[in-house]
1. Given the criterion assigned to a loop (DSSP other than H, G, I, E, B), within 24 Å of residue 139 (Cα to Cα) and within 17 Å of the chain's Cα centre (by Cα), identify the matching residue among 178, 242.
2. Out of segment 278-298, which residues are outside any helix (DSSP H, G or I) and either modelled with pLDDT of 80 or more or surrounded by 14 or more Cβ atoms within 10 Å (Cβ to Cβ) (or both)?
3. Can you give me the ranges of the strands (runs of 3 or more DSSP E) entirely in segment 89-166 with at least 3 residues that are touching a residue at least 24 places away in the same chain (Cβ under 8 Å) and farther than 19 Å from residue 178 by Cα?
4. Can you tell me which of 262, 274 is crowded, with 17+ Cβ neighbours inside 10 Å, in a helix (DSSP H, G or I) and at pLDDT 95 or above?
5. On the given criteria, is residue 235 buried (at least 19 other Cβ atoms within 10 Å of the Cβ) and modelled with pLDDT under 95?
């Protein structure tokens, strides 16, 4: 890791790349620059469905990342002395950067802090933010596809570049196929090594518990790929703390069911298969939730 004049930062990062699906077709519906009141009305409607959607997603993810700090179990630190707690908070504190091009976002957070501590907190918070973004976006009828990985990269003037970004892009564009957020093997290897992140036994124990909690937001899909378990037990516990948590989950399920039916009836077969796989995952998680089939809920991105 190296840092110079606060403008360049070379380190290992957790990177989450998210693609907002369906935007290309909606952008194609943009009319020419308006020359009449009717044209302006059409343009404003198209902008709400495109620009409005991606801006909302960006702000939503950043908000979820910050809120995730409150999800850290207080028992993780309550047993620590004041000195140990201060040391642990060095591990837990983290920031997230974002860059945006077209309908794709890259969220990134450095694994080491300024003291050289290796932290689980950035990954934990990005996993939670990804879970919440996935459910709320599906509820708003805006499917996402993405990937989370850990690897080297450089942050220059708040812009990220490096092998971690390349790997996340490969997983999202070539491997994920249907709406889901994949989790790379590097992430799992990182979590397995959490016991080595601190020589302080108390801080190490707390860090390992945070790594174990992170596993709760990851599952293996039917094709063997690891993915964000956005309707798993840990996610359910997270969403039930919010007033509209069940409403968002019901709406997400209804949207997936409707899209799976639509593509089965009208095609194309490629999308029919992809939404069948999403529906298969959603149905496999119903035991974690009390979701009524006839309640679709409101659009969460309106």
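The values are calculated or read from the model by the stated rules, or taken from the named source; none is laboratory data. Since we're looking at a predicted model, the values are computed, not measured. Positions of Cβ are generated from backbone atoms using ideal geometry, with glycine treated the same way; all protein chains shown enter the neighbour counts.
1. Of 178, 242, the one residue that is assigned to a loop (DSSP other than H, G, I, E, B), within 24 Å of residue 139 (Cα to Cα) and within 17 Å of the chain's Cα centre (by Cα) is 178.
2. Matches in segment 278-298: 285, 289, 291, 296, 297.
3. Filter on segment 89-166 gives 97-101, 104-110, 144-156.
4. Criteria check complete, one pass: 274.
5. yes
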